[in-house]
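Report on the following structure.
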């Protein structure tokens, strides 16, 4: 088997940031400006996953999509993104960070404009796929830059910024999307990317001269591995997105796509281990901390994306909130994450990373655990503690998990590790959403059956409630009081069953945090992080 580490070793990098003063010192202002431009691009890419979440009904009406089709506005973005993410390390090593990031940003801006101009569902699907490809090319490069451009004493600060974007953007996505749609219309969900996109292009083009490309990598690209990876990731993501609604393996299409995904995944793994120049290096998995950190990133992805998905869904389905009301309620999570950023950086510097991980996942678990007691009338005040604890904990856990994953990884594997971690986090989010959807559907039916059985029993409480409802129907002048009573009772039972299913979802997500805490104890101690401006300088 080829020496994977040797193949993955990049050419000699430019000085950090590529910006030296006359005295030979690094001009950190220019480095931060270039990195800041990349962060802006990353923010756009992550935000666009969830910005449409609270406005799907308006988009559906605007492009004439059916109820079954409209979910693909999110799904196609994720499918394209998940395919591009693992390829980013290879292409950024081949072309260099600056040219590749600028090309991705320009493509993202154009795709955003075309998506906003969409008049048909088919046009929107194509342009959203282009958005996803461009977004998937931007996201991992920012993580890689944070670990390769900055010295070790500045990496925590850089990772705090990156972690803030990764956790904050999807959380405030429904908020931004809801208010934008109500104020300007759904097309501005996409036009809003133009100005920050142009700013990112300028900053990256002017200041982000971080490394040089290796054109020799263009020779011998593993097209077979690329095709296997695309089949594996596309089929897996489709199964996770659509499986719950189609009954999982009971549906023939889902069954055969699952088989195809497993076979393509096995063939892709073998190909990457055997080929002399793998399109996606698996070498980082030989590091124990990276392997364990990958699992923790998987769990944090489940918690982050599932938590962001569950709350708006509850508020819309149970409470009947408008997109603006959902956005206002969800704003608490975003504010908690924003305020937690400096705290997270200090905690991670002062503590062993394993302690930081335990603290972060414990806070997320405590927050999500509040939802186990969710009731049909919960709103802003009742979800306040849940969102604050989850926001603070998610920020600490996300940054600490990223730091732990790469703490013992060689520098020449950082780009590969970054792409893999982002892919794993996204897959964790997809798995979490699939499991949450399945739990909601299954447990709603189970609880509805239990409640109906209880109602049909001879309990005095049930009979008294039915009598009261029937009296209300008669008093209102209903033509069929008995039928009206049963319809009203059925709606009450379905609502209560749905609330109980949401409680089960919160219990599942809390259990995932407990698993992550246990896995944390298996990691090796990471090297100490010097304080900024000190240490080894």
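Of note:
- Condition met for residue 372 (out of contact with any strand residue (DSSP E or B) (no Cβ under 8 Å at 6 or more places or on another chain), part of a helix (DSSP H, G or I), surrounded by fewer than 20 Cβ atoms within 10 Å (Cβ to Cβ) and free of Cβ contacts under 8 Å to residues at least 60 places away in the same chain): no
- Test for residue 170: is it buried (at least 17 other Cβ atoms within 10 Å of the Cβ) and farther than 19 Å from residue 140 by Cα: no
- A count restricted to region 234-280 and to residues that are under 19 Å from residue 441 (Cβ atoms) and out of contact with any helix residue (DSSP H, G or I) (no Cβ under 9 Å at 6 or more places or on another chain) stands at 1.
- Here residue 479 passes the criteria (1) in contact with a helix residue (DSSP H, G or I) (Cβ under 9 Å, 6 or more places away or on another chain); (2) modelled with pLDDT under 80 except the one numbered (1).
- Residue in region 134-154 that is under 20 Å from the mean Cα position of the chain (by Cα), at negative phi and surrounded by fewer than 23 Cβ atoms within 10 Å (Cβ to Cβ) present: no
- Of all residues making up region 332-357, the number that are within 25 Å of residue 176 (Cβ to Cβ) and loosely packed, with under 15 Cβ neighbours inside 10 Å: 3
- The single condition from (1) buried (at least 19 other Cβ atoms within 10 Å of the Cβ); (2) within 23 Å of residue 196 (Cβ to Cβ); (3) at pLDDT 85 or above that residue 53 fails is (3).
- Screening residue 112 against (1) farther than 18 Å from residue 421 by Cα; (2) out of contact with any helix residue (DSSP H, G or I) (no Cβ under 6 Å at 6 or more places or on another chain); (3) touching a residue at least 24 places away in the same chain (Cβ under 8 Å) leaves a single unmet condition, (2).
- Residue check, residue 452 outside the structural domain of residue 90 (by TED's automatic domain parsing) and either surrounded by 20 or more Cβ atoms within 10 Å (Cβ to Cβ) or touching a strand residue (DSSP E or B) at 6+ places or on another chain (Cβ under 7 Å) (or both): no
- Any chance residue 131 is modelled with pLDDT of 90 or more and either farther than 19 Å from residue 422 by Cβ or crowded, with 19+ Cβ neighbours inside 10 Å (or both): yes
- Being surrounded by fewer than 18 Cβ atoms within 10 Å (Cβ to Cβ), assigned to a helix (DSSP H, G or I), in the same structural domain as residue 413 (by TED's automatic domain parsing) and in contact with a helix residue (DSSP H, G or I) (Cβ under 9 Å, 6 or more places away or on another chain) is a property that holds for residue 291.
- Applying the criterion of at least 3 residues that are touching a residue at least 12 places away in the same chain (Cβ under 8 Å) and more than 30 Å from residue 40 (Cβ to Cβ) to the helices (runs of 4 or more DSSP H) found wholly in region 180-267 leaves 223-242.
- Residues of region 115-129 satisfying the condition of being closer than 11 Å to residue 80 by Cβ and either in contact (Cβ under 8 Å) with a residue 60 or more places away in the chain or in contact with a helix residue (DSSP H, G or I) (Cβ under 6 Å, 6 or more places away or on another chain) (or both): 125, 127, 128, 129
- Single residue of 296, 236 found to be in the same structural domain as residue 508 (by TED's automatic domain parsing), surrounded by 19 or more Cβ atoms within 10 Å (Cβ to Cβ) and either over 30 Å from residue 506 (Cβ atoms) or under 21 Å from the mean Cα position of the chain (by Cα) (or both): 296
The values are calculated or read from the model by the stated rules, or taken from the named source; none is laboratory data. Remember, it's a predicted structure, so these values are computed and weren't measured experimentally. Counting neighbours? That spans all protein chains shown, and the Cβs are built from the backbone with ideal geometry, glycine included.
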